[in-house]
């Protein structure tokens, strides 16, 4: 069994822009900051994907991606899980470029298709409601991070086109400082 997720991965220029915005500010908080080279927008997640399901999963993801059109997104603003008063996760919000509501709907449909592909292939899919975001930091205990959310609300990053999704294996504790190591297993183009 392998821990896996399906994600839209921002291009280097998007990652670099947000990283430059955060870099001088990271030292002000003792969060566990995620590594910029692992930033991604999770569309579907499964803690346990049986190895026997992998071929079927990649075929189903290819079909699901082929049914969806590319969307333009950007990272803009911030948020937390569960809420700013008792946050455990700090994230950058994603939004459709130029407020294109049809792109936001398409992104939700893409996430639903990826989740369905995982479930039909035999993986147990995380049932959390889809919230389009990129995780920036995890907190060891719940904290009020309202000031960080306000700071991120001032951020408005460059747009990029999501035209493919990646199936990624997440190997816990195998990365730098015992963080996860991510391995792209396959990529799937959108229509």
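Coordinate-derived values only; no laboratory data. All figures in this text were calculated on a predicted structure; none of them were measured in a lab. With ideal geometry, Cβ positions are generated from the backbone for all residues, glycine too; neighbour counts draw on all protein chains shown.
Computed from Cα atoms alone, the Kirkwood hydrodynamic radius reported for the stretch 1-87 is 16.0 Å.
One chain, two ends: residue 146 and residue 116. Fully extended at 0.36 nm per residue, the span grows by 7.3 nm beyond their Cα-Cα distance. The listed peptides 126-136, 63-73, 5-15, ordered by packing as a protection proxy, come out as 5-15, 63-73, 126-136 (highest mean of other Cβ atoms within 10 Å first). Take the Cβ-Cβ distance between residue 25 and residue 178 as r, set R0 to 22 Å, and report the resulting FRET efficiency rounded to the nearest 0.05. Computed FRET efficiency for residue 25 and residue 178 comes out at 0.35. Taking Cα atoms only, the orientation of helix 54-66 departs from the longest principal axis of the chain by about 70 degrees.
With R₀ set to 41 Å, the beta-carbon distance separating residue 13 from residue 52 gives a calculated FRET efficiency near 0.60. Helix 12-22 axis versus longest C-alpha principal axis of the chain: approximately 30°, rounded to the nearest ten. The relative contact order of the chain, computed from alpha carbon pairs under 8 Å that lie at least 6 residues apart in sequence, is 34 percent. Quick one: go through the stretch 66-83 and flag any residue whose amide nitrogen is under 20 Å from the point 7 Å out along the Cα-to-Cβ line of residue 100. Inside the label zone: 66-77. Taken over the Cα atoms of the chain, the convex hull encloses 113 Å³ per residue. Spacing of the modelled spin labels on residue 32 and residue 187, each 7 Å from Cα toward Cβ, amounts to 2.9 nm. In this simple spin-label model, placing a label point 7 Å from the Cα along the Cα-to-Cβ direction at both residue 88 and residue 154 gives a separation of 3.0 nm.
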